[in-house]
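Each reported figure results from applying straightforward, stated rules to the coordinates on display, with no laboratory input. Being a predicted model, the structure only gives us computed values, none of them experimental. Cβ coordinates were reconstructed from backbone atoms using ideal geometry, including for glycine residues, and neighbour counts include every protein chain displayed.
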Amino acid sequence: MVPADQGGGVMRADLLTGTVDGLDEALAAVDAFDRALVVGLLRPHAVLTTGLTELADAVAGTPLAARGAEAAEKAAAGAASEDHFVALAAARTALVGSVHDALTARVEEATGRARAEGGDPAPTVRQAGNLLTAARSWLSDLARCGWQGIDHDVVSGAAPVVTAMLPDPALRRLATVLDGFAAELAASCPGTALDRVPVRRWADLWSRAMMLTVPGAADVPVTGTATGRLLPLGVDLQEHATAVQAQVHAVFEPADGAVARLVRANVSVPKPDTVLGAGLWQLLRPHMSLLAAVSEGRSMDLTDMPVTAEGDLIWNDTQARTGEPADAFATARVAMATAAASATAPLDRHPARIATPVFLEGYSAQQDDDGLTFTVAGHRLAVDTDRIPTAGPLTPAAVAASVACVGLLRWDAGVFVVQPLAVETVVRKKPAAVHAGAWAGGTSDKAGAKAEKAATDAGAVLRERAGRLLRK
């Protein structure tokens, strides 16, 4: 919510708490198919038949109708081929995409933000067809045995495929998904002993990976270049046991005076599982100078930086230089309200991918047994404090005491939630800003410096051990 006297307008918080037509029906069909993946698509089963029928019926009025119906029929009879599994994954992806589109439309209506149209697809990059086929074969085996039927023999089939894919940048996206998926499955073997199955998550990973085996699906559509000023809003840090990613959300103001737009810049690196907290920044900093600018509260001047139609900057440090001081809250109050949102790539249409920058103030915060909420214009909006990284000074307590917030609007567990990136609060009777990414470029903060030293020591030990192994 941006006060009108500061050039903004009031966010329609009521639209974020109301129901969305057709949403429950689409998700019910997705859930039915996901339950079929639990028991497996190898042998006829009542759960299998129901799930496949509901999925096929849900896409009956779409271009996928014929292929979806055929795939469902073959799978129900236990005779599905790999092409049929691809069709089922496509039908599920389309349904989930429709949910994304409905929720995105609701967000745009609530924020009053325009959305730019997508560009033309980029030329298809030639990929190693044999490796894509091998990945598809492994994913098909998983679908046949189901999550209850997985064992180490089945799961280990991903290892040689991932190893062969990783050296090829065009295949690294799929390799990363397969690697992480296989690691989760391996940790849960045997499937017959599972008390609880992450049904939707594993179905998401399976269908995502299956779609990425289609040649050209993983191509990054670079549609233009960006020259102008980049004004950072905040950093979303995402951590996995073997990888970490920093995603900087920002407003880009083109030098030619065109409409400003919301953009993102990402950096991802592999990580040892012993590097945690503030130590993660040490892995990320060498790959993106933007992190230092975020930490220092400065803008960046870009020259011909490649950018996709989806608003993702293909970051190159040689095409960026540090600019003037730029306060994230000033950017949120003045520039973000009129910045256009970017289109979403077809394969990325998923509710979990919704992460819309918003600015809130004039709210009241309440903490109860259900968690922290902001009351915005008389409507309660949940705050996702679990997403606040430990690699920064931002804490749930600071959020609860805040008077303004720059965050990401997400959709989780059936409701819209706010993930704080930075808040304005009062410290010793003075206003102060606290950013989740404040330590991204280094810090003199006592707690941050202590955590950095611990990470440096851990890194030195790992390098010494690695050198010892190589010498042997």
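Any number yet on Rg/Rh for the chain, C-alpha, Kirkwood?
When Rh is taken as the Kirkwood radius, the ratio is 0.97.
Which of Glu324, Glu184 has the fewest other C-beta atoms within 10 Å, and how do the rest follow up to the most?
Ascending number of Cβ neighbours within 10 Å: Glu324, Glu184.
Under 23 Å Cα to Cα from Lys430, which lysines show up? Leave out anything in the same chain fewer than 8 places away.
In chain and number order, the partners are Lys446.
Give the Rg (one decimal place) followed by the Dmax (whole number) of the stretch 222-338, computed from C-alpha coordinates and expressed in Å.
14.2, 47
Residues in the stretch 149-174, backbone N under 16 Å from the label point at Asn130 (7 Å along the Cα-to-beta-carbon vector): list them, ranges by number please.
Once the point is set 7 Å along Cα→Cβ of Asn130, 160-168 turn out to lie under 16 Å by backbone N, inside the stretch 149-174.
Taking θ as phi - 60°, what are the ³J(HN,Hα) couplings along the stretch 377-387 by the Karplus curve (6.51, -1.76, 1.60), each to the nearest whole Hz, with x for Gly and Pro?
6, x, 10, 7, 10, 5, 10, 8, 6, 5, 7
Please figure out what share of the DSSP beta bridges in the stretch 346-435 is antiparallel and state it in percent, rounded to the nearest 5.
Antiparallel bridges: around 95 percent, rounded to the nearest 5.
Just order 309-320, 380-391 by mean Cβ neighbour count inside 10 Å, highest at the front, would you?
Going from most to least packed, we get 380-391, 309-320.
What length, rounded to one decimal in nm, is gained on full extension from Asp57 through to Gln366, with 0.36 nm per residue of separation minus their alpha-carbon distance?
Contour length minus Cα-Cα distance gives 106.9 nm.
Residue farthest toward the positive end of the dipole of the chain, with Cβ of Lys/Arg at +1 and Asp/Glu at -1: which of Trp439, Ala345, Ala94?
It is Trp439.
If neighbour count is taken as other Cβ atoms inside 10 Å, put Arg136, Arg349 in order from fewest to most.
With the sparsest Cβ surroundings first, the list reads Arg349, Arg136.
Per DSSP helix of 4 or more residues, -39500 (n - 2.57); summed, then divided by the residues of the chain. What does that give at 222 nm, rounded to the nearest 500?
So the helix-based figure for the chain works out to -12000 deg cm²/dmol.
How high is the relative contact order of the chain, in percent, counting Cα pairs under 8 Å that sit 6 or more residues apart?
Averaging sequence separation for qualifying contacts and normalising by length gives 15 percent for the chain.
Compute the length gained on full extension between Asp101 and Arg173: take 0.36 nm times their separation in residues and subtract their Cα-Cα distance, giving the result in nm to one decimal.
So the chain would gain 23.6 nm between Asp101 and Arg173.
Once fully extended, how much extra length lies between Gln282 and Ala183, figured as 0.36 nm per residue of separation less the alpha-carbon to alpha-carbon distance?
Extra length available between Gln282 and Ala183 comes to 33.2 nm.
Residues of the stretch 244-274 with backbone nitrogen within less than 17 Å of a virtual label 7 Å along the Cα-to-Cβ line of Asp304, please, listed as ranges.
Counting backbone N atoms under 17 Å from the label point, the list is 255-256.
Based on DSSP, what percent of beta bridges with both residues in the stretch 222-338 are antiparallel, to the nearest 5?
Expressed as a percentage, antiparallel bridges in the stretch 222-338 total about 95.
At each listed q (0.12, 0.15, 0.17, 0.25 Å⁻¹), what is the log10 of I(q)/I(0) that the Debye formula gives for the stretch 346-435 modelled as equal alpha-carbon point scatterers?
-0.36, -0.55, -0.70, -1.37
If you count the DSSP beta bridges with both ends in the chain, what percent of them are antiparallel, to the nearest 5?
Here the antiparallel bridges make up roughly 90 percent for the chain.
Once both labels are modelled 7 Å past Cα along the beta-carbon direction, what's the Ala355-Ala193 spacing in nm?
Computed distance between label sites Ala355 and Ala193 equals 3.5 nm.
Can you list the HN-Hα couplings for the stretch 425-434, worked out from phi with the Karplus curve (6.51, -1.76, 1.60; θ = phi - 60°), rounded to whole Hz and with x for Gly and Pro?
9, 10, 10, 6, 6, 10, x, 8, 9, 10
At a 10 Å Cβ-Cβ cut-off, how would you order Lys450, Lys429, fewest neighbours first?
Exposure proxy ranking, most exposed first: Lys429, Lys450.
Kyte-Doolittle mean at least 0.5 and Cα extent at least 27 Å along the axis: which DSSP H helices of the chain qualify?
Counting only whole DSSP H runs, no helix qualifies.
Sequence-distant or interchain residues sharing an amide H contact under 5 Å with Thr223, placed H: which?
Placed amide hydrogens put Val307, Thr308, Ala309 under 5 Å from Thr223.
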